[in-house]
Amino acid sequence: MAENIPDLATFRLHKVIDDIDIDGVPVPGLRGHFYRRAGRGRLESVGVYSYADAELFMAWGYVGEEHCRFTAVRRDDGSWAEPYTGCPKVRVLRAESDERAVTGVELLDAR
């Protein structure tokens, strides 16, 4: 797969998952839209992740691989930042009053 931002118009929606987990921790409100297409003998996959209906990042690679090949983060202006190699750099945020309560995610600097 290329490191360019995938054109989702060439993929089909495979599934939508609510409350996606980050490192095994479910994050209420984090939703993943997962797309697939056949490509060069392998099934390509793209995940577009959003929180509170705002797209945060996109990660892509091949179905069956342990990690993402590339990730791109959505900028404040709605455009996609330059893709980087590997999985998204995210951290689960927790409530100060209750470490078990998950309150969101934070995108970390990937550079």
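Of the residues Gly24, Ala2, Trp60, the one whose Cα sits farthest toward the positive end of the charge dipole of the chain, with +1 on the Cβ of Lys and Arg and -1 on the Cβ of Asp and Glu, is Ala2.
In sequence order, the range 31-47 has phi-based couplings of 10, x, 9, 10, 10, 9, 7, 7, x, 6, x, 10, 8, 8, 9, 10, x Hz under the Karplus curve 6.51 cos²θ - 1.76 cosθ + 1.60, θ = phi - 60°, and Gly or Pro positions carry x. A cut-off of 5 Å between modelled amide H atoms, ignoring neighbours fewer than 5 places along the same chain, links Tyr62 with Ser45, Arg69. Close amide-amide hydrogen proximity is noted between Val105 and Leu93, each under 5 Å apart and 5 or more residues distant or on a separate chain (H modeled in the peptide plane; Pro and chain starts excluded). Restriction of the trypsin sites (Lys or Arg not before Pro) in the range 12-105 to DSSP coil positions whose beta-carbon has at most 11 other beta-carbons within 10 angstrom yields Arg40, Arg75, Arg100. Average accessible surface for the range 36-80: 58 Å² per residue, computed with a 1.4 Å probe over protein heavy atoms with every protein chain in place. Residue by residue, the range 73-79 carries 3J(HN,Hα) couplings of 9, 7, 7, 4, 7, x, 7 Hz when phi is fed to the Karplus relation 6.51 cos²θ - 1.76 cosθ + 1.60 (θ = phi - 60°); x denotes Gly or Pro.
With a 1.4 Å probe rolled over the protein heavy atoms of all chains, the accessible area of Ser50, Ser97, Ser79 falls in the order Ser97, Ser79, Ser50, largest first. Against the set [x] 180; [y] 111; [z] 121, the structure's computed volume of the Cα convex hull per residue in Å³ falls on [y].
Between amide H atoms placed 1.01 Å from N, distances below 5 Å from Trp80 occur with Arg75, all of them 5 or more places distant or on a separate chain. By DSSP, the beta bridges lying fully in the range 9-111 are antiparallel in about 100 percent of cases.
The values are calculated or read from the model by the stated rules, or taken from the named source; none is laboratory data. These numbers were taken from a predicted model, which means no experiment stands behind them. Positions of Cβ are generated from backbone atoms using ideal geometry, with glycine treated the same way; all protein chains shown enter the neighbour counts. Areas reflect the complete protein model, heavy atoms only, side chains present, ligands, DNA and RNA absent. Shrake-Rupley method; radii C 1.70, N 1.55, O 1.52, S 1.80 Å.
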